[in-house]
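The values are calculated or read from the model by the stated rules, or taken from the named source; none is laboratory data. Since this is a predicted model, take the numbers as computed values, not measurements. Only protein heavy atoms, including side chains, enter the accessible area calculation; ligands, DNA and RNA are left aside. Shrake-Rupley method; radii C 1.70, N 1.55, O 1.52, S 1.80 Å.
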Amino acid sequence: MSTTGLDLDSLLGAAREAVLAAAALALDPGGELRVETKQNDKDLVTQVDRGAERIVAERITPTGIPLHGEEEHRVEGFEAHSGPAWVVDPIDGTTNYVATHRDWAVSLALVDGGAPVVAALADPVAGRLMTAVAERGAWVGPLRAASDADEPIPPAPDLPLERGAAIVPFSALGGVPGADGVAGAALAARAYGSAALEIAEVARGTAVAFLHGGLKPWDMAAAVLLAREAGALVTRADGSPLDVRRAGSVLAATPTAHAQVLEILAGARGRAEAAGEPGPRD
């Protein structure tokens, strides 16, 4: 990871302000939601998603760093982009935002060389803001501009699968051979509908593992840094290194649970290969 020339403290401040402003709009959009669909009937977007992304773009423009977002902003050739770039999901969990009114997030990360180096992740309904800087730690505090009330997120206990919850979204059960085995081996299996908040559960020590077969950069970038700074191991589902510029599987877990999940998934892949079934693609 190279962060030479980047003022990470200043960039964290910019990320924090941008996320708080976007969260304020999402909490009080000032009018009725206009819900549309994108790629399919279950892929929802609202005017708030787009408006929140525009707010983030406006707030981080002074940094001079390009923005890659879910809705309206793109860095061309982002998978191979060599310099720093912001990655934003203005509302991660739009279906929750529309239907259940909880478990949605505003997620912003600064990515450099495929690794997140600054993160700001808001859980507005819970009134919580989580932040992180690479190799410096992660923090959690109230949803407000001042950081004086933030507290370090301590390293989570290195619990095995059988002693904690595994977050395995339903989509992973069909897309990752062995995902059902991971869910069955854990003390409990959960899914909330916001990948950012689900990975953050591992960072906060309230889950021992998170497994998903196909996330976009904006789904994972900020939460991946939070999890790493809290001591979790974060890789692809086959244990290979994770480059957050590229969509694909994500496994975040305590070191012990991570090894257990890899063993379960490897066994399932072996059985699938022996049966001549195609395996997942990262």
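Assorted remarks:
- Between helix 8-27 and the chain: long-axis angle, C-alpha atoms, 0 to 90°, nearest 10: 90
- Of the two radii for segment 52-141, the radius of gyration is 0.98 times the Kirkwood radius, both from the alpha carbons; that is the Rg over Rh value.
- Accessible area in the full protein assembly, largest first, 1.4 Å probe, for D9, D49: D9, D49
- Over segment 1-101, Cα pairs under 8 Å with separation of 6+ residues give a relative contact order of 26 percent.
- Between the C-alpha center of segment 101-139 and that of segment 172-210 there is a gap of 19 Å.
- Ranked from largest to smallest solvent-accessible area, with a 1.4 Å probe on the protein heavy atoms, E72, E263 come out as E263, E72.
- Segment 1-44 shape via C-alpha gyration tensor axes, a/c threshold 1.5: oblate
- Dimensionless Rg ratio for segment 101-223, taking C-alpha atoms and the 2.2 N^0.38 Å reference: 1.07
- Size-normalised alpha-carbon gyration radius of segment 216-261, reference 2.2 N^0.38 Å: 1.05
- The chain: angle of helix 255-274 to the longest principal axis, Cα-based, in degrees nearest 10: 60
- Projected over every direction and averaged, the convex hull enclosing the alpha-carbon atoms of segment 150-282 yields 7.3 nm².
- Length-normalised contact order of segment 136-209 in % [C-alpha pairs under 8 Å, at least 6 apart]: 34
- Cα shape, segment 7-96, gyration tensor, a/c 1.5 rule: oblate
- With the convex hull drawn over the C-alpha atoms of the chain, the volume per residue is 123 Å³.
- Computed from Cα positions, the angle between helix 47-60 and the longest principal axis of the chain comes to roughly 70 degrees.
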